Amino acid sequence: MKKWYGGLLAGLLFSLSALAAVNINTATPSELEKVHGIGPAKARAIVEYRQQHGAFKSVDDLVKVKGFGEATVNKLRDYLTVGDKDGKTPAGKQ
């Protein structure tokens, strides 16, 4: 019975971690690719844009990145964050 509860707890924790928003100002391409709808090309484009132009001020700024339109940004909005002005997520916030 303990194994069953342990497996249930592990599954729940994994599910919750999958729901955590990815910070587009600090994420690596491989972290960005874990978001459904962001493949390798879009992940590289996000990182390259960030390196050239600095931190994103909002998730809406993704429309400035090649391959992202308003519809795509709207679909991804719940899965992404920008953190604070330095691109870092304050403790306890996503």
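Within the range 30-61, can you find the residues that are among the small types (Gly, Ala, Ser), assigned to a helix (DSSP H, G or I) and either touching a Gly at 6+ places or on another chain (Cβ under 9 Å) or open to solvent by 40 Å² or more (accessible area, probe 1.4 Å) (or both)?
First pass over the range 30-61, keeping only residues among the small types (Gly, Ala, Ser): 30, 37, 39, 41, 43, 45, 54-55, 58.
If we keep only those that are assigned to a helix (DSSP H, G or I) as well, we get 30, 41, 43, 45.
Passing the criteria: Ser30, Ala41, Ala45.
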request  = Mind listing whichever residues of the range 8-29 are at pLDDT 95 or above, open to solvent by less than 70 Å² (accessible area, probe 1.4 Å) and either part of a helix (DSSP H, G or I) or hydroxyl-bearing (Ser, Thr, Tyr) (or both)?
outcome  = Thr28, Pro29
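The values are calculated or read from the model by the stated rules, or taken from the named source; none is laboratory data. Since the structure is predicted, the reported quantities are computational estimates derived from the model, not experimental observations. Cβ sites come from the backbone with ideal geometry, for glycine too, and all protein chains shown count toward neighbours. Each accessible area value is taken on the protein alone, full model and side chains, heavy atoms only, with ligands, DNA and RNA left out. Shrake-Rupley method; radii C 1.70, N 1.55, O 1.52, S 1.80 Å.
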